[in-house]
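What follows draws every value from the coordinates through simple rules; no lab data is involved. Quick caveat: nothing in here was measured; it's all calculated off a predicted structure. As a convention, Cβ positions derive from the backbone with ideal geometry for all residues, glycine included, and neighbour counts pool all protein chains shown.
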Amino acid sequence: MIAHAIFFYTFSIIAVVSAIMVTASKNTVHSVFFLILDFISISCLFIMIGAEFLGMIMLIVYVGAVAVLFLFVVMMLNVAQQKNQWFTGQATSKHIPVGLIISTLIFFEIIIVIGGWKYKPEIFDINNSLASTSVSNTHSLGQVLYTDYIHVFQISGMILLVAMVGAIVLTFRQRSGVKKQSYIKQISRERAEGVEVLEVQSNKGVKIDD
Amino acid sequence: MEYLSIVFQEVYKILFLLVPVLVSVAMIVWLDRRVWAFVQKRQGPNVVGPFGLLQSLADALKYIFKEIIIPSSSNKVIFILAPIVTMTLALIAWAVIPFSATQVLADINVGILYLFAVSSLGVYGIIMGGWASNSKYPFLGAIRSAAQMVSYEVSIGVIIINVLLCVGSLNLNDIVIAQQNMWFVIPLFPMFVIFFISALAETNRPPFDLPEAEAELVAGYQTEYSGMMYAMFWLGEYANILLMCAMGAILFLGGWMSPIDVYPFTLVPGAIWLILKILLLFILFALVKAIVPRYRYDQLMRLGWKVFLPLSLTWVVLTASYLFYFNLLPVN
């Protein structure tokens, strides 16, 4: 039990500290790396409470895919300078009020969830519905997701699909004058199209069109 | 005291796994160069030790005694962390590989997800190295490899779903045991081919070694690295290749199972069979390196997103419908 406590506190301290460092570090790329560290320690916490499937999916989806894209964007865009200006107080961000509103909302949501769990524990009695059936939690998750919550599950999938298509449509632009290499065309070229054998007369040369 | 003894036992087990893995990584580098040389009618490394077997050891010694140069304009912490991350991630994945029904360090329920997660984290070592070097070629190499690895992970994930549909469990031992009657390479052969090619791309092997394409990018993300740090990148890369081979052996070639369930073959311990299967896949990897020229980058992306992804997704639908129609779905 004491080992459990040691691991729990290690992971949670790393999670909290790295979450703070995401906003506190001056270098934006460092921020993303701290975010990744945060994701990893959170997934370790998930594994510790027995939600191994959730922990692994967290690693695969957030760390393996989403954070890579974050890193891409942060490395390519020059956001570092702007963040530096905020730190030195030369420029103020217009996004701060919006961020404040969203963070207060999230804060109250967390208070409501924790409060409800504290005062009405029987509502959140998940242990009885899942853990007691002695099957692995991947199975039990699947049994809940694909039976009781199938419609919600499908709808969330559709929303993600729509978001993806929307993002592609918004950023898609047809550029003209770009030379494209067609795979099929390149392979299916015949000798007759590409090579022409000419009799070259001396001192006359050959006139090559186009 | 009892707790300490448990810890020591685990450490002993881990060492018993990791030391052979590291030694075999060194051997596999030699094998890779040898196969490559034989295809091109050369001798390959044959001077140090019998058949040149100790070549990798000599190389390692050379790397250890070389100076580690850290570029002055680099981001030092991340620059040093990058090879460590690569190597650690390549080694921790071996914890879940089953060498027989009982010989596995951590027999966890979500073994295949763990393998997939760790192999998808492998991209960070490369991005960190490329970005922290603060120079053009490593950065371009890192960006290329990140895009490449993320693309091919998608199709590997879908292929894993194919196998899982036939097994009904995420545990690696269950996956192996489900292939008792027939290896999955037979019913899912197209998936095996796609897995093999995706594994080449995932581990940045030729013909998909664009992150370190020497003709365009000097050496890609490892340009600025020297000495032991370069060697760690190198070891991590080969450990990753071995891991992908092990994954292929477990998913499609029956893992530690003997190929025929007859008396003299069943006597051979499972670890030997697994190693033989890994070696078979690795020799295929090495042959591909020697035979196939490098892909162009847009062709690589096209192959990943427009060919492999639709194909493997279609195959998921096919497998699922087949299993559903003939009532073969593994339900427990």
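For the reader, a short list of remarks on this structure follows.
- For chain B, modelled as a GNM whose springs connect Cα atoms under 10 angstrom apart, the maximal fluctuation among B:ALA132, B:ALA147, B:ALA246 occurs at B:ALA147.
- For chain B, the relative contact order is 23 percent, taking Cα pairs closer than 8 Å that sit 6 or more residues apart in sequence and dividing their mean separation by the residue count.
- Under 9 Å, Cβ to Cβ, from B:ILE70 - net charge with Lys/Arg +1 and Asp/Glu -1: 0
- Taking all Cα-Cα distances within segment B:67-325, those exceeding 31 Å account for 27%.
- Footprinting exposure proxy for B:LEU172, A:LEU141, B:LEU200 (fewest neighbouring C-beta atoms within 10 Å first): A:LEU141, B:LEU200, B:LEU172
- Taking Cα centre as origin and charging only the Cβ of basic (Lys, Arg, +1) and acidic (Asp, Glu, -1) residues, the dipole magnitude of segment B:211-332 rounds to 340 debye.
- Rounded to the nearest 10 degrees, the inclination of helix B:76-92 to the longest alpha-carbon principal axis of chain B is 30 degrees.
- Subset of B:LYS13/B:LYS277; A:LYS179/B:LYS306; B:LYS41/B:LYS289; A:LYS179/B:LYS289; A:LYS185/B:LYS306 violating a 25 Å alpha-carbon distance limit: A:LYS179/B:LYS289
- Electrostatic bookkeeping for B:ASN204 treats Lys and Arg as +1 and Asp and Glu as -1; over the other residues with beta carbon under 9 Å from its beta carbon, the sum is -3.
- Label-point separation, A:GLU196 to B:PHE189 (7 Å along Cα→Cβ), nm: 4.7 nm
- Cα-Cα pairs of segment B:251-310 separated by more than 14 Å (percent): 70 percent
- Unit charges at the beta carbon, dipole of the protein assembly as shown: most positive-side option, B:TRP234, A:TRP117, A:VAL73: A:VAL73
- Proximal lysines relative to A:LYS26, as straight alpha-carbon distance under 22 Å, when same-chain residues fewer than 8 apart are discounted: A:LYS83, A:LYS94, B:LYS76
- The protein assembly as shown - convex hull of alpha carbons, volume per residue in Å³: 272 Å³
- Alpha-carbon centroids, segment A:2-62 and segment B:173-231: separation in whole Å: 28 Å
- Taking the C-alpha atoms only, the angle from helix B:123-132 to the longest principal axis of chain B is near 10 degrees.
- Crossing angle, helix B:136-167 versus chain B [Cα axis fit, 0-90 degrees, rounded to tens]: 10 degrees
- Here the Gaussian network model covers chain B, with springs between Cα atoms less than 10 Å apart; of B:LEU15, B:LEU242, B:LEU300, B:LEU15 fluctuates the most.
- FRET efficiency for A:ASN203 and B:ILE80, using Cβ-Cβ distance with R0 set to 41 Å, rounded to 0.05: 0.05
- Residue among B:CYS166, B:GLN222, B:ILE291 farthest towards the positive dipole end of segment B:67-325, charges placed on Cβ: B:ILE291
- Taking B:GLN55, B:GLN299, B:GLN179 as the candidate residues, the one with maximal mean-square fluctuation in a Gaussian network model of chain B, Cα springs under 10 Å, is B:GLN299.
- Positive end of the dipole of the protein assembly as shown (Cβ unit charges, origin at the Cα centre): among B:GLY130, B:GLN179, A:LEU45, the Cα lying farthest that way belongs to B:GLY130.
- Dipole check for chain B: with +1 at the C-beta of Lys and Arg, -1 at the C-beta of Asp and Glu, and the Cα centre as origin, the magnitude is about 780 Debye.
- Between A:ILE20 and A:ILE110, the modelled labels are 1.3 nm apart [label points 7 Å from Cα along Cα→Cβ].
- Helical contribution to [θ] at 222 nm, DSSP H n ≥ 4, -39,500 (n - 2.57), averaged over the protein assembly as shown, rounded to 500: -21500 deg cm²/dmol
- Burial ordering of A:VAL162, B:VAL104, B:VAL331, fewest other beta-carbon atoms within 10 Å first: B:VAL331, A:VAL162, B:VAL104
- Counting every other Cβ atom within 10 Å of each residue's Cβ, B:VAL176, A:VAL206, B:VAL85 order from fewest to most as A:VAL206, B:VAL85, B:VAL176.
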